[in-house]
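Visitor: Below you will find the structure I want to go over with you.
The values are calculated or read from the model by the stated rules, or taken from the named source; none is laboratory data. The structure presented is a predicted model; accordingly, all values stated were derived computationally and were not measured. Here the Cβ is made from the backbone with ideal geometry for all residues, glycine too, and neighbour counts use every protein chain on show.
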Amino acid sequence: MPAGSHPGVGTRNALAALGGRRYLEIIAPDPIQTTYAFPVDVRGLNEPRLVTWAVTTTNLEELLSIARASGYAPSGPHPGARTRLDGKVLRWKLVRLQNPFDRDGIQPFPFFIDWAEDSAHPSTDSPTGCELASLTLGHPDAAPLAGALRRFGIEADVKQSPRATLIAILRTPKGEVALK
């Protein structure tokens, strides 16, 4: 379902709820905007693919403390907002961490998002019918990536791989679908 535009970022999105407080956000360039500031340049992609993922946090100060102690310079928190098609504004704060794992146009280390208390979580009003069955991260440095994620309390399925990859398996009414 088309959801709205990210002002000043140059992107727009569509959303699908994936069960629990999880959702899939499909990002595309917004032809109405002249600025492009999304951290991954999706404008040059020849086909859809997973390029990044997010983890919700409710304690940005603790996250920033762990980041600094781990040697990952934080960018943020940056305020973000998006106006839904119904006119309601969603607000959040976003933190990205400089890390050595980004490669091949993929960000296997997540960014962090803290939703404003007065904002509806996108999973609550996005189209339903699919469920996230699994998320697997692939990376040439799988063990260090898994260790870095654990520092932030994230237990993830990380596999050794010659390239950085993100693979989500969705349960859909028509069976399982792999998004890569």
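Visitor: Working only within the range 160-179, note down all residues that are farther than 16 Å from Ala17 by Cα and surrounded by 14 or more Cβ atoms within 10 Å (Cβ to Cβ).
Guide: Answer for the range 160-179, where residues must be farther than 16 Å from Ala17 by Cα and surrounded by 14 or more Cβ atoms within 10 Å (Cβ to Cβ): Ser161, Ala164, Thr165, Leu166, Ile167.
Visitor: Are any residues in the range 54-64 farther than 24 Å from Asn13 by Cα and either out of contact with any strand residue (DSSP E or B) (no Cβ under 7 Å at 6 or more places or on another chain) or in a loop (DSSP other than H, G, I, E, B) (or both), and if so, which ones?
Guide: Going through the range 54-64, the residues farther than 24 Å from Asn13 by Cα turn out to be 59-64.
Asn59, Glu61, Glu62, listed by residue number.
Visitor: Search the range 83-124 for residues being more than 15 Å from the chain's Cα centre (by Cα) and basic (Lys, Arg), and hand back the single one that is surrounded by the most Cβ atoms within 10 Å (Cβ to Cβ).
Guide: The qualifying residue surrounded by the most Cβ atoms within 10 Å (Cβ to Cβ) is Arg84.
Visitor: Then there is this: If you scan the range 17-33, which residues turn out to be in a loop (DSSP other than H, G, I, E, B) and in contact (Cβ under 8 Å) with a residue 24 or more places away in the chain?
Guide: Leu18, Gly19, Gly20, Arg21, Arg22, Asp30, Ile32, Gln33
Visitor: OK, next. Test Val51 against the criterion of being among the β-branched types (Val, Ile, Thr), part of a strand (DSSP E or B) and at pLDDT 90 or above, and give yes or no. Spell out how you get there, then give the answer.
Guide: Numbers: among the β-branched types (Val, Ile, Thr): yes; part of a strand (DSSP E or B): no; at pLDDT 90 or above: yes.
In short, no.
Visitor: Which one of Ala14, Ala37 is of a type in the set (Gly, Ala, Ser) and not in a loop (DSSP other than H, G, I, E, B)?
Guide: Values: Ala37 fails: not in a loop (DSSP other than H, G, I, E, B).
Residue meeting the stated conditions: Ala14.
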